[in-house]
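Colleague: What follows is a single structure, and I will ask about it in a moment.
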Amino acid sequence: MDISALPEATIACLAAASEIYVGAKVLEISPISGGYSRLTFKYSIRTKNGDEDIVLQYVPLGATGIVRIDRMVENDILVYLSENEGVNSPKLIASDVKGNFFDNAAFIYKAEPGRPFVDVCRDTQDNKLGALNRIVARSAASVHGQDIKKLPNSMHAPTNWEDYLTSQIELFKKTESESSKSRPFLRYMAKWLDENRPPAAPLSLVHGDFQVSNMLSLNSEKDALLVDWELAHIGDPREDLGWLTMVCNTIPPDILAADPKGFYDEYRAFSGLSKEIINPETSAYFLIISSIRTHRGMMKSSDALAKDSNQAQSVLAAYYLSITSYQHTMWMNAVKIVEEMKRSR
Amino acid sequence: MLISPSISEILRGVTHEMGTSLKQGLNDPVKNAQIDTIIGVLSSCAVRSENEKEWMKKEVTSILSVAKKFVSNDHSSDKISKALKDFDSNESDEKKYQSASNILSLLGDLGSSLGEELASEVWSLMEQRLQHEAYIIGGGFEAAGRN
C-alpha cells in the first residue's frame, strides 16, 4: 500500500471504530523514526469534536521483521492495556488486524504529549542518570505486576516456570539444528544455561523489547509510557531486565550502569520480588535467554542469504551477522559475570 | 589478475566515500540509517577478506588440539571420535572450518562433565572465536541509526 493512501485508510478505520471520526480530515503528517518492520506516523486530524493528534503504526505488506509477530495477540494485549490500569501505555483507538482498511495490520493510538525517554536520558548529566533509571524500574515492575490470569486468552500461558525455561533453552538447540552450519555458541550456551538455572520467578507479562528507546517521557517527568508491545508474551519477568541490560550496554547512555543498586532496589520494592530472584546475576542469565528470539530470526535471515543472495533485504541479513557476533560477546560476558558471582559466594 | 588495491582497500575506500560525501547533506534519518547499515556490512567484509583464511586455520588447529586431548584422556564420546575421523575427509578450508566448528559444538555439549581443565580449554576456544568475531565488527557494535 502506498503511503499516500494511508491517511484515507486511517480515517476509514477510525470512523468504523467511533462515529466522531466520520468525515474527519488529516491536517498534518509527521513520520516517526524507529522500528525496522513497520512505519509510524503522527497525524494531526480534525474531527467533529475538534482537533486531535493520533499515531498510526502500519506494517507494510511483505515487511519481514526479525521475529514473526502474531498481530492478533498484539492487538489483544494493546486492547487489554488500554482498558486496564497499572501499565502506562498508549491508548489504542482503533486497529485493523485483518487488513480491512489497510492491506496489512495497522494500529492507531491517541498521541501522547511526551519526549522520547532516550532523548531525556541523553540530555541528562551522567551523575543524574541514576534517578531516571528508577522510572525504568517502576515501569518494568508495572508490566510484571499484571495478573496473568486476566491477560487475553490469545496469549500463550506456559504451564509452569520450569517448563517455560526449558522451552527457551531448547530454542537455542533448535536454532542451531535448523541452521545449515554448526553454531558452537548456541550449543555452548544451551548447555551452560541448563546447568546454571537461576531460582524460579513467578511467570508474568513480559514486554519483550523492554528498553529506553521504547519509552516516552510524560510531562510529569515522573513516569514514562511504554510503547511497542509486539513481542509481548507470558514468561519470566527477568527477560525484560536481561534485554534492558543488553540494550543499555549497546546503545548509550547506559542508565543501568549509572546506579545499578538504585535500579534493583526500586524494582524489588515495586515488584515485591526478592533479592535472590532479582539481581545483576539473574539479569545476566536472562540477557542470554532474552536474546534468543531475535538471534534465531537473524540466523534464519543470514542462512537464507547464504542460499540465495538475491533475496529481499540482503543488506539487513548481512548486517545481522554483526549483531549476532555482538550478541555472542554479550553472552560470553554474561557467563563470566554469573561464574564470577558464583565463585565470590 | 589485478590484486592491487586489495579487496579490503577497495571496501575501505568505498565505505569512506559513503560515510563522507554520500552522507553529506542527507537529512532523511531512514536513508542515513540505511547507509550506516551498508557501511557496517562493508567494513566487516574488509576485515574478513584480510584475515578470514588465517583465522579459520588458527581456530581449526586449536579445536583439533583440544579434541584430540579429550579423546586421548580416555573420555568417551563416540561423536567426537567420529567427528575427528570425518574431519580428514574435508578438502577445502571452509569445509574443514565447518567440521571443526561441529567438533567445538560437540565439546560445548559436554559442559561441566568435561572437568575443570578441559572445560577451561573449551572456554578458551570460544574466546578465540569471539576475539575474531569482535575484530570483524570493529571491537564493539553500533546500532545503525540508533546512536
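The values are calculated or read from the model by the stated rules, or taken from the named source; none is laboratory data. Note that this is a predicted model, so its numbers are computed, not measured. Don't worry about glycine lacking a Cβ; one is built from the backbone with ideal geometry, like all the others, and counts go over all protein chains shown.
Colleague: When you check residue A:240 against the structure, is it assigned to a helix (DSSP H, G or I), crowded, with 19+ Cβ neighbours inside 10 Å and out of contact with any Asp or Glu (no Cβ under 8 Å at 6 or more places or on another chain), yes or no?
Modeller: Criteria met by residue A:240.
Colleague: Can you spot a residue in segment A:286-297 that is of a type in the set (A, V, I, L, M), in contact (Cβ under 8 Å) with a residue 12 or more places away in the chain and over 18 Å from residue A:209 (Cβ atoms)?
Modeller: no
Colleague: Would you mind stating whether residue A:288 is within 20 Å of residue A:200 (Cβ to Cβ), buried (at least 23 other Cβ atoms within 10 Å of the Cβ), modelled with pLDDT of 95 or more and β-branched (Val, Ile, Thr)?
Modeller: yes
Colleague: Please work out if residue A:131 is in a helix (DSSP H, G or I), in the same structural domain as residue A:206 (by TED's automatic domain parsing) and under 18 Å from the mean Cα position of the chain (by Cα).
Modeller: Answer is no for this residue.
Colleague: Another question about this same structure. Just to be sure before I move on: is residue A:95 in contact with a Cys (Cβ under 8 Å, 6 or more places away or on another chain) and either of a type in the set (Asp, Glu) or over 30 Å from residue B:108 (Cα atoms) (or both) in the structure I sent?
Modeller: Taking the combined requirement at face value, the residue satisfies it.
Colleague: Looking at A:283, A:301, can you tell me which residue is small (Gly, Ala, Ser), in a helix (DSSP H, G or I) and away from chain B (no Cβ under 14 Å)?
Modeller: Of the residues listed, the single one that is small (Gly, Ala, Ser), in a helix (DSSP H, G or I) and away from chain B (no Cβ under 14 Å) is A:283.
Colleague: Moving to a separate point now. Of everything in segment A:64-97, what is of a type outside the set (Asp, Glu), within 28 Å of residue A:27 (Cβ to Cβ) and over 18 Å from the mean Cα position of the chain (by Cα)? Give them in sequence order.
Modeller: Passing the criteria: A:93, A:94, A:95, A:97.
Colleague: State all residues of segment A:159-186 that are farther than 22 Å from residue A:198 by Cα and charged (D, E, K, R); if no residue qualifies, say none.
Modeller: Of everything in segment A:159-186, those that are farther than 22 Å from residue A:198 by Cα and charged (D, E, K, R) turn out to be A:176, A:178, A:181, A:183.
Yes or no, residue by residue, for (1) on the phi > 0 side of the Ramachandran plot; (2) part of a strand (DSSP E or B):
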{"position": "A:11", "(1), (2)": "no, no"}
{"position": "A:16", "(1), (2)": "no, no"}
{"position": "A:23", "(1), (2)": "yes, no"}
{"position": "A:30", "(1), (2)": "no, yes"}
{"position": "A:40", "(1), (2)": "no, yes"}
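Colleague: In segment A:95-126, which residue that is polar (S, T, N, Q) and not assigned by TED's automatic domain parsing to the domain that holds residue A:75 is nearest to residue A:32 (Cα to Cα)?
Modeller: A:124
Colleague: Among the residues of segment A:150-164, is there at least one that is part of a helix (DSSP H, G or I) and among the polar types (S, T, N, Q)?
Modeller: No; the residues of segment A:150-164 include none that is part of a helix (DSSP H, G or I) and among the polar types (S, T, N, Q).
Colleague: Still on this model: Of the residues in segment B:81-120, how many are more than 13 Å from chain A (Cβ to nearest Cβ) and either part of a helix (DSSP H, G or I) or buried (at least 19 other Cβ atoms within 10 Å of the Cβ) (or both)?
Modeller: Result for segment B:81-120: 7.
Colleague: Being in contact (Cβ under 8 Å) with a residue 12 or more places away in the chain and hydroxyl-bearing (Ser, Thr, Tyr) narrows it down to one residue among A:325, A:301, A:344; which is it?
Modeller: Answer to the check: A:301.
Colleague: Just name the residue that is surrounded by the fewest Cβ atoms within 10 Å (Cβ to Cβ) out of those in segment A:308-345 that are among the basic types (Lys, Arg) and modelled with pLDDT of 85 or more.
Modeller: Looking at residues that are among the basic types (Lys, Arg) and modelled with pLDDT of 85 or more, I get A:343.
Colleague: Go over the candidates A:212, A:227, A:206 one by one and state the one that is at pLDDT 95 or above, closer than 18 Å to residue A:138 by Cβ and among the β-branched types (Val, Ile, Thr).
Modeller: Only one candidate qualifies: A:206.
Colleague: Looking at segment A:36-58, is at least one residue within 17 Å of the chain's Cα centre (by Cα), buried (at least 21 other Cβ atoms within 10 Å of the Cβ) and outside the structural domain of residue A:299 (by TED's automatic domain parsing)?
Modeller: Checking segment A:36-58: at least one residue is within 17 Å of the chain's Cα centre (by Cα), buried (at least 21 other Cβ atoms within 10 Å of the Cβ) and outside the structural domain of residue A:299 (by TED's automatic domain parsing).
Colleague: Check A:79, A:73 and return the single one that is touching a Pro at 6+ places or on another chain (Cβ under 9 Å), in a helix (DSSP H, G or I) and surrounded by fewer than 16 Cβ atoms within 10 Å (Cβ to Cβ).
Modeller: A:79
Colleague: So, one more: Kindly provide the set of residues from segment B:40-54 that are more than 11 Å from chain A (Cβ to nearest Cβ) and either of a type outside the set (S, T, N, Q) or buried (at least 19 other Cβ atoms within 10 Å of the Cβ) (or both), ordered by number.
Modeller: B:46, B:50, B:52, B:53, B:54 - these are the residues of segment B:40-54 that are more than 11 Å from chain A (Cβ to nearest Cβ) and either of a type outside the set (S, T, N, Q) or buried (at least 19 other Cβ atoms within 10 Å of the Cβ) (or both).
Colleague: Which residues, counting only those in segment A:231-256, are in contact with a strand residue (DSSP E or B) (Cβ under 9 Å, 6 or more places away or on another chain) and either more than 23 Å from residue A:281 (Cβ to Cβ) or among the aliphatic types (A, V, I, L, M) (or both)?
Modeller: Across segment A:231-256, the qualifying residues are A:231, A:232, A:233, A:234.
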